[in-house]
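Participant: To start, I am sharing the structure in question, which I have written as structure tokens.
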Amino acid sequence: MSHQTPDPNDEHGSVYDGLLGTDTSQWAFGTDFEDPLAGVDTTVPSELDAAELAAYCLALGDDALVLSHRLSEWCSNAPDLEDDIALANIALDLLGQARLLLARAAAADPSVVPTLPDGSPVPVEDALAFFREAVDFRNVRMVEVANGDFAHTVARLLLFATVRLAAFERLATHADPVLAAIAAKGVKELTYHRDYAGRWFLTLAQGTEESRRRLLAGLTGLWPLQAELARAYDAGPEVDVVLDQVFAVSGVERPDVAPMTGRGHTEALSRMLAEMQVVARAHPRGQW
Amino acid sequence: MSRAYAVAASVTDPEMPMLTLEDLGVLRDVREDGRRVTVTITPTYSGCPAMATMRDDLVHRLTEAGYAAQVEIALSPAWSSDWITERGRQALRDHGLSAPGAAPRPGGPIPLTLMPTARAVTCPRCDSARTELTSEYGATACKALYRCADCLEPFEHVKEI
Ligand SMILES: [Zn+2]
């Protein structure tokens, strides 16, 4: 028996019709857009510079977006099902943080949002995610370098979650109530991320010779990017306290490698964005 | 309790349909102005994909009840599992899920926990206290996976947050 492909232009309608609801824009950008800040007062407090606040939220949002994408690349590839699910959940938390932060940036300073063709239904946070060039992304290099093995991912997540959690604990009292609320919520999520990464770091360091070798290789490879990460988040001594605690219990020395010089991005970001953005860019009106 | 509140409060969570939005603690406010109703909900996790469905279900049910409804988001204060009502906790247990304990409220820097999270989790099926953590992350962001050492059944535990 042959299976006939549904024709979306069939005069009797398509089997997909009911799925679209009232949204005529197809699925590229979801059905029926919702503003993640619907009803939230996004007025920038008078003591803050709106452009500066937007740039800061963009940087925080881009870090979450890019690492979320890297983590989601593990989907169906992790060492076991539990960790596949864990990494997907962490990616989802970070994607949520990215969405809120990009929306907050756009509300604070609409000029950061790329211009799209008239009639494009793309919401601002998607416009920022899918229609900026690599050079306009403000993320640190730590989050963009390509995935290595699982140990590399564990080391990266430990460094990132430790630095970001410490910063978010501070940002929870930021003068912008929207950023403060996003940070306060993120603290709870990042606490789980840091614990997850810390436990795996310890397990791999104290596991087999091979797991320890891989962990040290991952950590040493990432360490040149740690200084930039710490600087971007204004990391204080509390970050070193946590990292030294993990290193000590794991029997791992803090790597002695020089920070990577330069700034901007590595080639890895362009490659990642090419894949992440290709569908949205091919269909900027969300229709095909 | 207003009629609009009663309608909104009866909408259920798409991922844990044994819980109403009220029992889950995400329903923060229902303002009624004639036929116009504004419902405020708060996300459980930043990336919770159920938010869009909750919003659509609220609008749908309130529209059926004759209201013009809109849904707004409250980000602060951040949702806590402590907001799940006693009725909600019972509904979780009745459906084979373990309800969260008290959420941590650290004063000062959040401590790192390198040992598995210590929880007094009892099996929702046989009430045994001999349970073990399988994974801190489950099928949705809000749940961890456990296994009962007595009846051997796996079950989900709604995480403290
Ligand atoms: Zn049991």
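Participant: Two-decimal Rg/Rh of the range B:1-147 from alpha-carbon positions, Kirkwood Rh?
Facilitator: Details: Rg = 17.2 Å, Rh = 16.8 Å.
Radius of gyration over Kirkwood radius for the range B:1-147 works out to 1.02.
Participant: Counting only protein heavy atoms and a 1.4 Å probe, tell me what percentage of the protein assembly as shown's accessible area is made up of carbon and sulfur.
Facilitator: Heavy-atom surface of the protein assembly as shown belonging to carbon and sulfur, 1.4 Å probe: 53 percent.
Participant: Ok, one more. At a 10 angstrom cut-off on C-beta neighbours, averaged per residue, how do the peptides B:13-20, B:150-157 rank from highest to lowest?
Facilitator: B:13-20, B:150-157
Participant: Relative contact order for chain A: what is it in percent, counting Cα pairs under 8 Å that are at least 6 residues apart?
Facilitator: Once divided by the residue count of chain A, the mean separation gives 23 percent.
Participant: Between the range A:81-99 and the range A:209-288, how far is it from one alpha carbon centroid to the other, in angstrom?
Facilitator: 17
Participant: For the range B:1-102, state which trypsin sites (Lys or Arg not before Pro) are in a DSSP loop and have at most 12 other beta carbons lying within 10 Å of their beta carbon.
Facilitator: Here the sparse-neighbourhood loop sites are B:Arg35.
Participant: So if each residue of separation counts as 0.36 nm, and I subtract the Cα-Cα distance between B:Ala6 and B:Glu132, what length gain in nm does that give?
Facilitator: Answer, rounded to one decimal: 41.5 nm.
Participant: Determine the shielding of peptide B:33-45 by partner chains: average, over its residues, the number of Cβ atoms on other chains within 10 angstrom of each Cβ.
Facilitator: Partner-chain Cβ atoms within 10 Å, mean over residues of B:33-45: 2.
Participant: Continuing with this model, one more query. Grab the beta carbon distance between A:Ala146 and A:Glu47, set R0 = 51 Å, and tell me the FRET efficiency rounded to 0.05.
Facilitator: Details: r = 41 Å, r/R0 = 0.81.
Approximately 0.80, to the nearest 0.05.
Participant: Quickly estimate the mean residue ellipticity at 222 nm for the protein assembly as shown, helices only: each DSSP H run with n ≥ 4 gives -39500 (n - 2.57), and the total goes over all residues, rounded to 500.
Facilitator: Taken over the protein assembly as shown, the calculation gives -14000 deg cm²/dmol.
Participant: Determine the percent antiparallel among the DSSP beta bridges restricted to the protein assembly as shown, to the nearest 5.
Facilitator: 65
Participant: Oh, and also: Any chance you could look up the accessible area of A:Asp240 with a 1.4 Å probe, heavy atoms only, rounded to 10 Å²?
Facilitator: Near enough 70 Å² of accessible area.
Participant: Between A:Glu133 and A:Glu267, 0.36 nm times their residue separation minus their Cα-Cα distance comes to what?
Facilitator: 47.0 nm
Participant: Still on this structure, please answer the following. Taking beta carbons within 10 Å but only from partner chains, what does the mean come to for residues B:46-53?
Facilitator: Values: counts 17, 15, 3, 3, 0, 3, 6, 0.
That average works out to 6.
Participant: Relative contact order of chain B: what whole-number percent is it, with Cα pairs under 8 angstrom and at least 6 residues apart?
Facilitator: Values: 284 pairs, mean separation 30.4, N = 161.
About 19 percent, as a whole number.
Participant: Follow-up question, since we're still on this one. Ratio of alpha-carbon Rg to the 2.2 N^0.38 Å globular estimate for the range A:55-140, to two decimals, please. The partial results should precede the final answer.
Facilitator: On the way: Rg = 14.3 Å, N = 86, 2.2 N^0.38 = 12.0 Å.
The reported ratio for this selection is 1.19.
Participant: Am I reading the A/B interface right? What is its buried accessible area, both sides, 1.4 Å probe, to the nearest 100 Å²? Could you put the intermediate results ahead of the total?
Facilitator: Numbers: alone 14880 and 9030 Å², together 20710 Å².
The summed interface area works out to 3200 Å².
Participant: For A:Val249 and B:Arg61, what is the calculated FRET efficiency with R₀ set at 35 Å and r taken between the beta-carbons, to the nearest 0.05? Let's see the in-between values first.
Facilitator: On the way: r = 51 Å, r/R0 = 1.47.
It comes to 0.10.
Participant: Mind checking A:157-170 for the average number of partner chain beta-carbons within 10 Å of each residue's beta-carbon?
Facilitator: Per residue, the number of nearby Cβ atoms from other chains is 1 on average.
Participant: Over the range B:3-73, what is the mean sequence separation of C-alpha contacts under 8 Å (at least six apart), divided by residue count, expressed as relative contact order in percent? If you can, show how the numbers build up before the last one.
Facilitator: On the way: 106 pairs, mean separation 23.4, N = 71.
Relative contact order here is 33 percent.
Participant: Bin width 20 Å, alpha-carbon pairs only: give the P(r) of the protein assembly as shown as whole percents, running from 0 to the bin holding the largest distance.
Facilitator: Result, from short to long distances: 23, 56, 21, 1 percent.
Participant: Could I ask something else about it? Taking every DSSP beta bridge with both residues inside the range B:3-73, roughly what % is antiparallel (nearest 5)?
Facilitator: 55
Participant: Also, I was wondering about something else. If you project the alpha carbons of the range A:46-282 onto the principal axes, what extent comes out on each, in Å, largest first?
Facilitator: 58, 41, 35
The values are calculated or read from the model by the stated rules, or taken from the named source; none is laboratory data. All values reported here derive from a predicted model rather than from experimental measurement. We place every Cβ from the backbone using ideal geometry, glycine too, and count neighbours over all the protein chains shown. Remember, those area values only see protein heavy atoms, side chains included, never the ligands or the DNA or RNA. Shrake-Rupley method; radii C 1.70, N 1.55, O 1.52, S 1.80 Å.
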